[in-house]
Every structure is written in C-alpha cells, then in structure tokens.
Amino acid sequence: VQLQACGGGLVQAGGSLRLSCAASGRTFSSYAMGWFRQAPGKDREFVSDINWSGGRTVYADSVKARFTISRDNVKKTVYLQMNSLKPEDTAVYYCARRQVSTMSGRLDDYDYWGQGTQVTVSS
C-alpha cells in the first residue's frame with residue numbers, strides 16, 4: 001500500500017486548500033482513513049478520520065466546522081477540504097490508513113502513511 005498526499009501550499013489566513021491522498025492497492029475501500037499534521041517542534045496530531053464508507057467522520061476540535069474530510073472509493077482517494085485557514089494550521093499534513101476498527105485518534109492505530117504535504121498559512 002502506498003499513499004501519496006498532495007495539494008499543500010502557501011495561502012493567506014482565511015483562505016482554503018484541498019488536500020488529496022491517493023492510495024495504491026485493491027483494499028482502499030475496506031479501510032478507514034485519517035489525516036494528521038505536524039507543526040515544527042510539535043508532535044504529530046490527529047486532524048480527522050473517515051470510515052470505510054464515508055458515512056462517519058470525526059474531527060479534532062481545532063478544525064471542526066472548518067475542515068471537511070471525504071473519500072472517493074472508486075478513485076481510491078481521500079480528501080481534506082480546509083476552509084477559513086489560520087496561521088496555526090501551518091504544518092506538514094499526512095494521510096494514513098487506520099488498521100483498527102475503533103477510532104481513537106492514536107497514531108499507533110494507523111499502519112500506512114503518506115509522505116506529507118506542507119501547508120503554510122500566512123497572517
């Protein structure tokens with residue numbers, strides 16, 4: 001399984017970006033997927049998760065009502081639409097496949113990770 005994230009960039013505060021994460025392999029639709037981020041000098045943190053069908057989503061409080069996670073199982077891609085971006089959203093964003101059935105936001109629950117895409121929000 002390989003995950004390829006893209007869509008990051010430099011945006012002004014209040015702007016929007018959409019991240020994409022394309023997966024290889026034939027089992028994409030069987031797994032939940034998540035997005036995490038890591039700011040300089042900080043630990044990697046949970047951002048959002050979506051179950052296999054797209055019917056259940058979870059968000060960190062810091063991004064709730066601003067970010068939307070979605071997926072297209074035909075295209076084997078998971079998305080993160082980010083609106084009303086703030087400077088504190090600046091980080092490298094990673095997509096990951098969840099290997100356990102219960103969503104808890106723990107890094108150890110995810111087994112495959114993309115390479116990360118940089119998001120920089122200027123004030």
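Readers should treat all values here as calculations from the given coordinates under stated rules, not as data from a laboratory. These numbers come from a predicted model, not from an experiment. Heads up, the Cβs are rebuilt from the backbone with ideal geometry, glycines too, and the neighbour counts pull from every protein chain shown.
Peptides 16-23, 114-121 ranked from most to least packed, by the mean per-residue count of other Cβ atoms within 10 Å: 16-23, 114-121. If I take every Cα pair under 8 Å that is 6 or more residues apart in the chain, average their sequence separation and divide by the length, what percent do I get for the relative contact order? For the chain, the relative contact order is 35 percent. Computed from phi, the 3J(HN,Hα) profile of segment 50-56 under the Karplus parametrisation 6.51, -1.76, 1.60 (θ = phi - 60°) reads 9, 6, 4, 8, x, x, 9 Hz, with x in place of Gly and Pro.
Each residue of segment 16-25 was assigned a 3J(HN,Hα) from its phi angle through the Karplus expression (A = 6.51, B = -1.76, C = 1.60, θ = phi - 60°), giving 9, 9, 10, 8, 10, 9, 9, 10, 9, x Hz with x at Gly and Pro. Residue-wise HN-Hα couplings along segment 99-108, as the Karplus relation 6.51 cos²θ - 1.76 cosθ + 1.60 with θ = phi - 60° gives them from phi, are 9, 10, 7, 9, 8, 10, x, 7, 4, 5 Hz; Gly and Pro carry x. Amide H to amide H, with H built 1.01 Å from N, Tyr112 comes under 5 Å of Arg97, counting only residues 5 or more places away or on other chains.
Within the chain, the cysteines lacking any other cysteine Cβ closer than 4.7 Å to their own Cβ are Cys6. Extent along the principal axes, Cα only, for the chain: 41, 26, 25 Å, with the longest axis given first. Could you list log10 I(q)/I(0) for segment 81-123 at q = 0.17, 0.31, 0.33 Å⁻¹, which the Debye formula gives when each Cα is one point scatterer? Values returned for q = 0.17, 0.31, 0.33 Å⁻¹ are -0.60, -1.02, -1.08. Less than 5 angstrom separates the built amide H of Lys86 from those of Gly14, all sequence-distant by 5 or more or on a different chain.
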